[in-house]
Amino acid sequence: MLFKRKPKGRIRQPKNHGIVPRHFRAKGTVSHLPDDQHLWIVVQVEGLMWPKGDVAVTDGAWSTEVYEEGRLTDSYPGLRRIEGGVRLDRIRLRLKSR
């Protein structure tokens, strides 16, 4: 994918290596995101990805609720890749025990 300026993004919350509940708020920043592109939060486990939905960006900031069940299902087995996707940031998290 070609960009005039490469998009840049940062996940500000939760913090890397944090422990989160199954429902949590994620926040961050993004710059140089083309008008025809979308920002997604994606959970990746063992090479498979689960997009968590389109995230609205306002003045370079974003915030969204994330719901994570923490288990694989046959009804939605995950994606190996997202066509045209570009990773802007990455953090590692652990789910809080139920």
- request: Can you give me the P(r) profile for the stretch 8-95? Cα pairs, bins 10 angstrom wide beginning at 0, each as a whole percent.
  value: 15, 51, 31, 4
- prompt: Points 7 angstrom from Cα along the Cβ direction at SER63 and LYS15: gap in nanometres?
  reply: 1.9
- request: Please list the non-local residues whose amide H lies under 5 Å from the amide H of GLY53, H modeled 1.01 Å from N, same-chain partners needing a gap of 5 or more.
  value: ILE41
message: Between ILE19, ILE41, ILE11, where does the largest GNM mean-square fluctuation fall for the chain, given springs only between Cα atoms within less than 10 Å?
response: ILE19
statement: So for R0 = 41 Å, FRET eff. of ARG5-SER75 from the Cβ-Cβ r, to 0.05, ends up at 0.60
- prompt: Taking LYS8 as the anchor, which aspartates and glutamates have their alpha carbon closer than 20 Å to its alpha carbon, excluding any fewer than eight residues away along the same chain?
  reply: ASP35, ASP36, ASP54, ASP59, GLU83, ASP89
- line: Here, chymotrypsin sites (Phe, Trp or Tyr not before Pro) of the chain satisfying both criteria (DSSP loop; at most 12 other Cβ within 10 Å) are PHE3
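Where a number appears in this text, it was derived from the coordinates with a stated rule and is not lab data. Please read all numbers here as calculations on a predicted model, not as lab measurements. Using ideal geometry, Cβ is built from the backbone for each residue, glycine included, and neighbour counts are taken over all protein chains shown.
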